[in-house]
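Written below as structure tokens is the structure these notes are about.
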Amino acid sequence: MKVTALIPDELIEKVKAKSGGKNITESLIIALKEYLNEQKVDDLINMVKEEPIVWNKNYTAEGIRKINRNR
């Protein structure tokens, strides 16, 4: 998709330097993908905050070893 955007040159140069992209397009793609990945992590963190992980009391290292040995 072609997009026309007014982005300050200084910001573009910083993104190019940090992302290691070969050109502006590749640099922006890298930066946008990284942003989306960070948002996914934030979403997962919020999900765990809302519904924390509860471990089964019978869930022990020894029990897991027995399960793994029986495979």
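Figures for the structure shown
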item: Within-15-Å neighbourhood charge of N58 [Cβ basis; K, R +1; D, E -1]; result: +2
item: In nm, spacing of pseudo-spin labels at L6 and A61 (7 Å Cα→C-beta vector); result: 6.1 nm
item: All aspartates and glutamates inside 14 Å of K18 as judged from Cα atoms, apart from same-chain residues fewer than 8 positions distant; result: E10, E26, E34
item: Charge dipole (debye, nearest 20) of the stretch 4-66; +1 at Cβ of Lys and Arg, -1 at Cβ of Asp and Glu; result: 400 debye
item: Most positive-pole-ward Cα, A61, I45, S27, against dipole of the stretch 9-69 from beta carbon charges; result: A61
item: Percent of C-alpha pairs per 10 Å bin, the chain, short to long; result: 15, 25, 18, 17, 14, 10, 0
item: By average C-beta atoms within 10 angstrom, highest first, the peptides 34-42, 48-56; result: 34-42, 48-56
item: Listed residues L32, L44, L11, most fluctuating in the chain (Gaussian network, C-alpha, under 10 Å); result: L11
item: Choice from K57, K18, K33 showing the highest fluctuation, given a GNM over the chain with Cα pairs closer than 10 Å; result: K57
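Every number in this text was worked out from the coordinates using simple rules, so none of it is lab data. Just so it is clear, the structure is predicted and the values come from calculations on it, not from any experiment. Backbone-built Cβ (ideal geometry, glycine too); neighbour counts: all protein chains shown.
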